[in-house]
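Colleague: I am attaching a structure below and will ask some questions about it afterwards.
The values are calculated or read from the model by the stated rules, or taken from the named source; none is laboratory data. Remember, predicted model here, so these are calculated numbers, not experimental data. Neighbour counts are summed over all protein chains in view; Cβ atoms, including those assigned to glycine, are modelled from backbone coordinates with ideal geometry. Surface areas here come from the heavy atoms of the whole protein model, side chains and all, with no ligands, DNA or RNA. Shrake-Rupley method; radii C 1.70, N 1.55, O 1.52, S 1.80 Å.
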Amino acid sequence: MLVMDSGLGGLSVVRALRAAQPGLVLHYLADTAGFPYGSRDPAALTARAISLLRTVVMQGSPSTIVLACNTLSTLSLETLRQAFPYPFVGTVPAVKVAAAQSVTRRFTLLATPNTAQSSYSGALISEFAPDCVVDCYGAPNLASYAEQILLGKPVDRDALRAEIAPAFQDDARGKTDAVVLGCTHYPLILEQLQEVAPWPVAWIDSGDAIARRALTFAAQEEPAVGASIAYVTAAADQARYEDVFWREGFTKVRLLT
Ligand code: DGL
């Protein structure tokens, strides 16, 4: 199984996969040279993902490709499915779960600018939350803040507070009582988000659901043996990301060339 994201965000899905199936051998592609994906041109992003995935599948055919990136999934999933003969599992914002849970009937989709503006997200909202006020907020820097925190560099609390402030609304149209974590980076900094949130909300993440879906494909494959390998796409990141990947059970970090 291959998990792909622009950076470390997909580790939230890796953790869910490993919690459901300890010892699972999986490979990870972090397009660190392309990070962040949140505001990149969608067509360029799709072309880039096709080219990187072509290179990585040459190292060994995956049984399943998990796009552990909401941005790539909402923009490119269908094109990628057509380009490769492998099953793809995408990650999309858990709007349905939020609509089922929200008591105030007002919640926020907190995501990258690309995901927040995507027609895919709009369609999810029309289908699953027609009776809710849904604020779609594309946070310009939040994935980068998460990446920084995961690499051990602290982020200023006031900057983090200001970054998520628009996700909290309280006016005549209702008060936000749930926030959909529509980017895989965000669950990894949930503690920090809770600390700067202006009031408590339900934080909704799709990691466990994605892991369950991906494992239905894994169950059909031969048991994988060998090391879990992480690939990065920028030479400088091989050493920089080593500790994080080691902690997450990847024994080798390779540069994808
Ligand atoms: N982790 C990604 C997502 O789920 C992308 C973050 C980024 O590269 O901006 O959307």
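Colleague: Which numbered condition in (1) without any contact (Cβ under 8 Å) to a residue 24 or more places away in the chain; (2) within 12 Å of the ligand (Cβ to nearest atom) is the only one that P200 fails?
Modeller: (2)
Colleague: Which residues, taken from the range 22-34, are open to solvent by 50 Å² or more (accessible area, probe 1.4 Å), closer than 23 Å to A211 by Cβ and in contact (Cβ under 8 Å) with a residue 60 or more places away in the chain?
Modeller: Scanning the range 22-34 gives a single hit, H27.
Colleague: Looking only at the range 35-62, which residues are of a type in the set (S, T, Y) and surrounded by fewer than 16 Cβ atoms within 10 Å (Cβ to Cβ)?
Modeller: Of everything in the range 35-62, those that are of a type in the set (S, T, Y) and surrounded by fewer than 16 Cβ atoms within 10 Å (Cβ to Cβ) turn out to be S39, S51, T55, S61.
Colleague: Please specify each residue of the range 107-142 satisfying the condition of being under 19 Å from L193 (Cα atoms) and touching a Lys or Arg at 6+ places or on another chain (Cβ under 8 Å).
Modeller: D135
Colleague: Then there is this: Could you pull out the residue among T74, T55, T104 that is under 26 Å from D177 (Cα atoms) and touching a residue at least 60 places away in the same chain (Cβ under 8 Å)?
Modeller: It is T104.
Colleague: What is the number of the single condition among (1) under 22 Å from K252 (Cβ atoms); (2) not in a helix (DSSP H, G or I) that R15 does not meet?
Modeller: Exception for R15: condition (2).
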